[in-house]
Each structure stands twice: as structure tokens, then as C-alpha cells.
Amino acid sequence: MTASSRELYKGVFPVAPTIFDADGRLDLDGQKRAIDFMIDAGSHGICILANFSEQFVLTDDERDLVMTTVLEHVAGRVPIIVTTTHFSTFVCAERSRRAQDKGAAMVMVMPPYHGATFRVPDTSIYEFYRGVSDAISIPIMVQDAPVAGTPLSVPLLVRMAKEIENLAYFKVEVPRAADKLRALIEAGGAAIEGPWDGEEAITLMADLDAGATGAMTGGGYPDGIRKIIDPYFAGDRDAAAAAYERWLPLINYENRQCGLATCKILMKEGGVIRHDTLRSPQPAIHPATQKGLIDIARRLDPVVLRWGR
């Protein structure tokens with residue numbers, strides 16, 4: 001499938017949490033409710049099995065079960081991006097092929113890394129992404145994130161976008177993301193189909209100004225992110241900036257205080273899910289910090305706090 005013939009994805013594509021019961025086992029009913037809430041709250045699409053989904057605490061069988069459950073439950077209502085990151089080209093390609101076969105619209109992949117020191121050079125990164133692309137026909141999103149500890153230069157990203165058939169989307173969440181997005185768009189042109197914002201939208205306005213067309217945020221308040229990007233894409237930057245200023249305290253609280261637990265805390269508070277369990281060994285968020293999060297959220301009246309009530 002050529003770039004000109006496939007659908008372009010843009011808008012708000014938040015990361016769905018993986019829902020556990022009180023004992024840390026998968027809660028698939030809760031998973032479905034979380035997905036339904038995220039769709040009802042205005043998500044243009046959803047990403048699953050990302051770092052904010054706690055993908056790193058799941059077994060391979062659990063990953064497959066979550067993926068199958070979500071894709072079958074969504075049944076095409078919105079496009080689903082499946083994160084298939086793995087150090088091994090073979091494993092990542094197999095994960096990506098299976099995601100495509102199950103109905104994923106796109107896969108998101110970080111560059112290969114393992115632990116604090118296992119990295120590969122640019123040539124190997126190129127071959128890694130080419131190997132994944134050769135296995136599938138749906139788009140690949142490169143996740144350019146500090147957690148990988150792997151510098152991805154603009155020239156490398158542009159070369160991959162131009163030469164690797166399915167590699168076309170870029171979630172940039174490194175320091176000075178806006179500068180990198182702007183440089184990527186200027187150098188890559190039409191090959192950069194999807195320059196996207198990340199990191200809980202903490203840099204969203206700067207990234208939109210740089211040319212971002214999508215936002216992959218946490219899953220707790222897609223309706224709030226819509227209030228920013230909808231007027232922006234409609235040409236009303238002032239309204240977008242005012243909405244960003246209003247929602248920024250909550251965005252900041254997620255980014256700096258509660259992290260990936262944010263959406264679970266909000267979903268539990270609003271009756272979407274029964275438990276906000278983080279799988280061990282991750283520590284629970286202090287009750288006072290949880291209260292601070294909920295207090296800030298209540299001032300904004302997001303859908304999440306009333307969806308399940």
C-alpha cells in the first residue's frame with residue numbers, strides 16, 4: 001500500500017492503561033470499560049500495550065490476550081495502534097504481523113534497546129525497522145522516547161521515512177521536541193505522514209506550532225486534549241492556547257507527579273474501573289498525591305469523573 005492510498009491518522013490517540021484486579025491479574029471486563037470510556041470521551045483512536053500501558057510487566061500471553069480482547073471489542077469503531085517494541089527484529093516483526101492480522105491500524109515501535117547499556121548503531125536501527133516493515137503492510141510509528149536511551153538523529157529518521165515503505169509516523173517526546181519535529185518536517189517533506197506529540201501533552205502547544213498532527217497522551221482525559229487540538233486545527237490558535245492554559249495544571253500533574261497511574265486513578269474515581277492497581281514492583285501513588293490529582297481534575301469536569309456514575 002502506498003502512502004497516497006492509505007488513510008492518514010491524526011488527532012488524539014491516547015494510550016490505554018492495562019487494567020488489573022486487586023491482586024494484579026488482568027481484568028478484561030475493566031479493560032473493555034476503559035476502552036469504551038476512552039472512545040466516548042472523544043478519542044480519534046487508541047494506542048495499547050505502550051509503556052503507559054505497563055507493557056513491561058506483561059507476559060507474552062497476556063500481551064496477546066489484551067491485544068485480542070481490545071481489537072475484538074473495539075470492532076473497528078476507532079483505529080487501534082498496537083505497540084510491538086522488542087529488542088529482536090524477529091520478535092518485533094512477528095508481534096507486528098500478528099497485530100496486523102488481528103486488525104491493528106498501526107504499530108508503534110521504539111528502537112532496539114535493553115537495559116542501560118545494550119544499544120545498536122544507526123545501521124542496525126535502520127535494518128531493524130526495515131525488517132519490521134517487510135513483515136507488514138500497515139504503518140509503523142517510531143517512538144522517539146528518552147526511555148530507549150537511543151539517539152535518533154533527524155537525518156536517520158528522514159532516511160528511514162523515505163526508504164522504508166511503511167515507516168511514516170513519529171512520536172517525538174525527547175527534550176526540545178518542537179525543534180526536532182520542525183526539523184523532521186522540513187527535511188522529510190511528504191515522507192513524514194504523521195509528526196506527533198507525546199509525553200502527556202506537556203509540550204503540546206509548541207509541538208502543534210511546529211507542525212504536529214497527532215497527540216498521543218495519557219488515557220484519562222481525551223476530551224480535555226480535544227478542547228486544545230480541535231480549535232487549533234480549525235484555525236483558532238487563541239482558543240487552543242486558552243484551553244491549553246486551563247488544562248495544563250492537570251497535564252503537568254500527570255507528567256510530574258502520577259505518571260502512568262494517572263488515568264487509572266481518574267478512571268477508578270469516576271467508576272470506569274474498580275481497581276487502579278499498578279502491577280508490582282511499581283509502588284502505589286501516595287493517597288495525598290492521588291487527592292491532589294483528583295482535586296485538580298474536578299475543577300475541569302472531565303468525562304472520566306462522571307462516565308461510570
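FYI, it's all coordinate maths here, none of it is from the lab. Everything quoted here is computed from the prediction, not taken from an experiment. Cβ: placed from backbone, ideal geometry, glycine included. Neighbour counts: every protein chain shown.
In the chain, with Lys and Arg counted as +1 and Asp and Glu as -1 at Cβ, which of these residues, A190, M110, C263, has the Cα nearest the positive end of the dipole, that is, farthest along it? Towards the positive end, the residue furthest out is C263. 3J(HN,Hα) along the stretch 222-236, derived from phi through the Karplus expression 6.51 cos²θ - 1.76 cosθ + 1.60 where θ = phi - 60°, amounts to x, 5, x, 5, 4, 5, 8, 7, 4, x, 4, 6, 7, x, 9 Hz, with x in place of Gly and Pro. Computed over the alpha-carbon pairs of the stretch 8-305, the distance histogram in 10 Å steps reads 6, 30, 37, 23, 4, 0 percent, short to long.
How much FRET efficiency would the formula 1/(1 + (r/R0)^6) give for L28 and T117, where r is the Cβ-Cβ distance and R0 is 35 Å, rounded to 0.05? The value I calculate is 0.45.
In a reduced charge model with +1 at each Lys and Arg Cβ and -1 at each Asp and Glu Cβ, the stretch 24-65 shows a dipole moment near 120 debye about its Cα centre. The order of V120, V132, going from fewest to most other C-beta atoms within 10 Å of their C-beta, is V120, V132. For the stretch 63-166, the set of trypsin sites (Lys or Arg not before Pro) satisfying both a DSSP loop assignment and a count of at most 13 other C-beta atoms within 10 Å is given as R77. Amide hydrogen proximity for L167: with H placed 1.01 Å from N in the peptide plane, the residues at 5 or more positions away or on another chain lying under 5 Å are I140. Using the Karplus relation 6.51 cos²θ - 1.76 cosθ + 1.60 with θ = phi - 60°, the per-residue 3J(HN,Hα) values for the stretch 20-36 come to 10, 7, 4, 9, x, 8, 4, 10, 6, 5, x, 4, 5, 5, 4, 5, 4 Hz, with x marking Gly and Pro.
Per-residue ellipticity at 222 nm from helix content only, as computed over the chain with -39500 (n - 2.57) for each DSSP H run of at least four residues, stands at -14000 deg cm²/dmol.
The three principal axes of the Cα atoms in the stretch 255-294 give end-to-end lengths of 23, 22, 17 Å, sorted in falling order.
For the stretch 8-305, DSSP calls about 10 percent of its internal beta bridges antiparallel.
Charged side chains reduced to their Cβ positions (Lys and Arg at +1, Asp and Glu at -1) give the stretch 8-305 a dipole of some 180 debye around its Cα centre.
For the chain, lysine pairs with C-alpha atoms less than 25 angstrom apart, excluding pairs fewer than eight positions apart on the same chain, total 23. Taking the Cα centre of the chain as the origin and placing charges on Cβ (Lys, Arg +1; Asp, Glu -1), which of H275, M205, V74 is farthest toward the positive end of the dipole? So the residue furthest toward the plus end is H275.
Ordering H286, M38, W247 by Cα displacement along the dipole of the chain toward the positive end leaves H286 in first place; charges were set at the Cβ atoms of Lys, Arg (+1) and Asp, Glu (-1). Ranked by how many other Cβ atoms sit within 10 Å of their own Cβ, fewest first, the residues F13, F87, F52, F118 fall in the order F118, F87, F52, F13. In the stretch 37-80, whose amide N lies under 17 Å from the spot 7 Å out along Cα-to-Cβ of S280? List them in ranges. Under 17 Å, as judged by backbone N against the label point of S280, lie 57-59 of the stretch 37-80. What the Cβ-Cβ distance of E163 and D64 gives, at R0 = 30 Å and to the nearest 0.05, is a FRET efficiency of 0.45. Only beta bridges with both residues in the stretch 82-193 are counted; by DSSP, about 10 percent of them are antiparallel.
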